[in-house]
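Enquirer: Attaching a single structure in structure tokens format; questions to follow.
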Amino acid sequence: MKALRLQQSMTLDELAGRSGVSRAMISRIERGEASPTAQLLARLCSALGTTLSRFFAGEQPEGKPLLRRAGQRIWRDPDTGYLRRSVSPDGTGSPVDIVEVEFPPGARVVFEQHQFEAGFTQHLWLFEGRLTMTAGEETHLLEAGDCLFMRLAEAHIFHNQHDAPARYAVILNRSKV
């Protein structure tokens, strides 16, 4: 987080103003004293002009086309417990990122609308369970096998109101369409 902020010659106060996250919280995150939730991290990434997928990829040298499961980065949201696995090989130059998510029963995550991501799109392909997805003004109940297309600039609410975990892939396209 700090490296991205400094690359852009951005102060803590500027990042706080752009993201709506307090300067103190940003400082704690940068020092490794706090683990941000998915919602908070998405706000910081948007203010830094990047996506969650690119944030987790970091600066990668030219990559290999194969990324084995054992080498895929995993992150758990400290608030909801959802598990995010970065599936796509880094450093390939592809505008597409694939993320696998295990979303626990009862979990709910809200991603606010972000201007930076205008033109970016994603597909959510549900493998197991059920998931209530709100994209912009529309709400959809997804069941196993369903695929939902969304624009990242819209607000999104992921909600698992069911007793079983939901497992899905997010296919993010960072090309402006």
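The values are calculated or read from the model by the stated rules, or taken from the named source; none is laboratory data. Just so it is clear, the model here is predicted, and its values are computed rather than measured. Please note: Cβ atoms are built from the backbone with ideal geometry, for glycine as well, and neighbour counts cover all protein chains shown. Ligands, DNA and RNA are excluded from the accessible area calculation, which covers all protein heavy atoms including side chains. Shrake-Rupley method; radii C 1.70, N 1.55, O 1.52, S 1.80 Å.
Enquirer: Please verify whether region 38-51 includes one or more residues that are outside any loop (DSSP other than H, G, I, E, B), open to solvent by 40 Å² or more (accessible area, probe 1.4 Å) and closer than 27 Å to P165 by Cβ.
Expert: yes
Enquirer: Kindly list, by first and then second residue, each pair from a residue in region 1-17 that is more than 18 Å from G32 (Cα to Cα) and of a type in the set (A, V, I, L, M, F, W, C) to a residue that is at pLDDT below 85 and not in a helix (DSSP H, G or I), limited to pairs with Cβ atoms under 9 Å and residues at least 6 apart or on different chains.
Expert: M10/L48
Enquirer: Output the residues belonging to region 129-177 that are of a type in the set (A, V, I, L, M), open to solvent by less than 30 Å² (accessible area, probe 1.4 Å) and part of a strand (DSSP E or B).
Expert: Within region 129-177, L131, M133, A135, L142, L148, M150, A166, A169, V170, L172 qualify.
Enquirer: Same structure, new question: Checking Q113 against (1) loosely packed, with under 13 Cβ neighbours inside 10 Å; (2) assigned to a loop (DSSP other than H, G, I, E, B); (3) not small (G, A, S), which test does it fail?
Expert: Of the numbered conditions (1) loosely packed, with under 13 Cβ neighbours inside 10 Å; (2) assigned to a loop (DSSP other than H, G, I, E, B); (3) not small (G, A, S), the odd one out for Q113 is (1).
Enquirer: Under the condition of being in a loop (DSSP other than H, G, I, E, B) and open to solvent by less than 40 Å² (accessible area, probe 1.4 Å), which residue from region 1-20 is modelled with the lowest pLDDT?
Expert: Across region 1-20, the extreme among qualifying residues is M1.
Enquirer: Among the residues of region 76-85, count how many are within 17 Å of A169 (Cα to Cα) and either touching a strand residue (DSSP E or B) at 6+ places or on another chain (Cβ under 6 Å) or open to solvent by 30 Å² or more (accessible area, probe 1.4 Å) (or both).
Expert: Matching residues across region 76-85 total 5.
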